[in-house]
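Worksheet for the structure shown next.
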């Protein structure tokens with residue numbers, strides 16, 4: 001997610017609910033006693049709020065602090081034990097960024113996946129030996145593909161040097177501690193200025209202490225895979241791309257489901273295809289289609305990727321190759 005979209009989502013998750021709540025409940029300067037929760041309901045709201053914030057902070061800690069350590073360990077294992085593949089460089093350009101004094105490149109590679117299907121992938125690579133021009137178009141490089149496609153990362157350059165950005169990692173720890181302090185401070189400030197001698201009865205369902213963590217978790221789900229499931233029609237994108245076979249599927253039927261995302265309809269596709277052994281399978285794919293791309297619903301044949309051991313799991317090749 002870009003910085004702009006991250007800040008945009010953060011505004012609607014935290015400042016926006018606060019603006020709404022305080023402008024509605026304290027419009028006249030004082031809160032009406034009729035808007036207070038009952039004692040037991042207030043304790044329930046408080047417990048749920050603490051659980052939601054704890055869960056969200058734990059997820060952030062895992063992503064910001066623990067995941068870099070886990071990724072470093074997994075990448076080292078991938079470089080040692082991953083399946084070797086020869087890849088051709090079909091595009092390469094400098095991003096303009098320097099990482100620890102070395103240029104960063106955006107390199108597009110074409111190679112065979114674990115099932116022997118030709119695919120391509122674009123990687124951001126820090127070239128520590130730029131004078132060797134190893135990533136010029138037409139050159140060949142060796143890759144390592146993770147045999148366990150359920151574990152990230154799935155791809156690495158053979159012989160890569162793995163090194164954690166220590167400064168960025170320490171900043172992540174500091175950032176998480178500031179988040180923790182901000183949440184604790186908001187609880188204390190809310191109680192100090194809102195309790196009015198009634199304890200936690202000022203807590204209602206739409207209080208930011210409840211709505212903010214709920215919204216943050218929802219946004220995390222959407223951008224962490226939920227949107228992919230709606231638009232691509234599958235939650236197994238990496239497995240299909242790196243372990244799937246490519247074939248042509250016949251379109252049997254295409255109907256709108258009635259669901260719309262940003263005024264774009266979700267369409268259910270009924271497909272039929274033959275696997276590498278000549279066995280015919282039928283599969284259903286639901287995905288959100290742009291209004292400009294609705295012509296695909298009239299296309300007799302659609303290229304797809306499928307899993308040999310799970311033939312019902314398919315994805316459009318255009319979604320994986322784009």
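The values are calculated or read from the model by the stated rules, or taken from the named source; none is laboratory data. Quick caveat: nothing in here was measured; it's all calculated off a predicted structure. Ideal geometry is used to build each Cβ from the backbone, glycine not excepted, and the neighbour counts take in all protein chains shown.
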Restricting segment 124-152 to residues that are under 21 Å from the mean Cα position of the chain (by Cα) and surrounded by 16 or more Cβ atoms within 10 Å (Cβ to Cβ), the one farthest from residue 83 (Cα to Cα) turns out to be 125
Given the structure, is residue 59 part of a helix (DSSP H, G or I), in the same structural domain as residue 214 (by TED's automatic domain parsing), surrounded by 12 or more Cβ atoms within 10 Å (Cβ to Cβ) and under 23 Å from the mean Cα position of the chain (by Cα)? yes
Residue under evaluation residue 179, criteria (1) surrounded by 13 or more Cβ atoms within 10 Å (Cβ to Cβ); (2) assigned to a loop (DSSP other than H, G, I, E, B); (3) out of contact with any strand residue (DSSP E or B) (no Cβ under 7 Å at 6 or more places or on another chain), criterion not met: (2)
How about segment 4-14: which of its residues are more than 16 Å from residue 210 (Cβ to Cβ) and surrounded by fewer than 18 Cβ atoms within 10 Å (Cβ to Cβ)? 4, 5, 6, 7, 8, 10, 11
Checked segment 117-142 for anything in a loop (DSSP other than H, G, I, E, B) and touching a strand residue (DSSP E or B) at 6+ places or on another chain (Cβ under 8 Å); matches are 117, 127, 128, 134, 135, 136, 137, 138, 139
For residues that are closer than 18 Å to residue 159 by Cα and either touching a residue at least 12 places away in the same chain (Cβ under 8 Å) or touching a helix residue (DSSP H, G or I) at 6+ places or on another chain (Cβ under 7 Å) (or both), tally how many sit in segment 123-143. 14
Considering segment 307-322, residues that are closer than 23 Å to residue 261 by Cα and without any contact (Cβ under 8 Å) to a residue 60 or more places away in the chain, and then whichever is surrounded by the most Cβ atoms within 10 Å (Cβ to Cβ), we arrive at 318
Out of (1) surrounded by 15 or more Cβ atoms within 10 Å (Cβ to Cβ); (2) under 19 Å from residue 153 (Cβ atoms); (3) modelled with pLDDT of 95 or more; (4) within 22 Å of the chain's Cα centre (by Cα), the odd one out for residue 74 is which? (3)
Based on this model, can you work out whether residue 8 counts as modelled with pLDDT under 95, under 18 Å from residue 218 (Cα atoms) and in a helix (DSSP H, G or I)? yes
Name the residues in segment 268-306 that are crowded, with 17+ Cβ neighbours inside 10 Å and either at pLDDT 95 or above or not in a strand (DSSP E or B) (or both), would you? 269, 271, 273, 283, 289, 302, 304, 305, 306
Tell me, yes or no, whether segment 150-162 has at least one residue that is out of contact with any helix residue (DSSP H, G or I) (no Cβ under 7 Å at 6 or more places or on another chain) and part of a helix (DSSP H, G or I). no
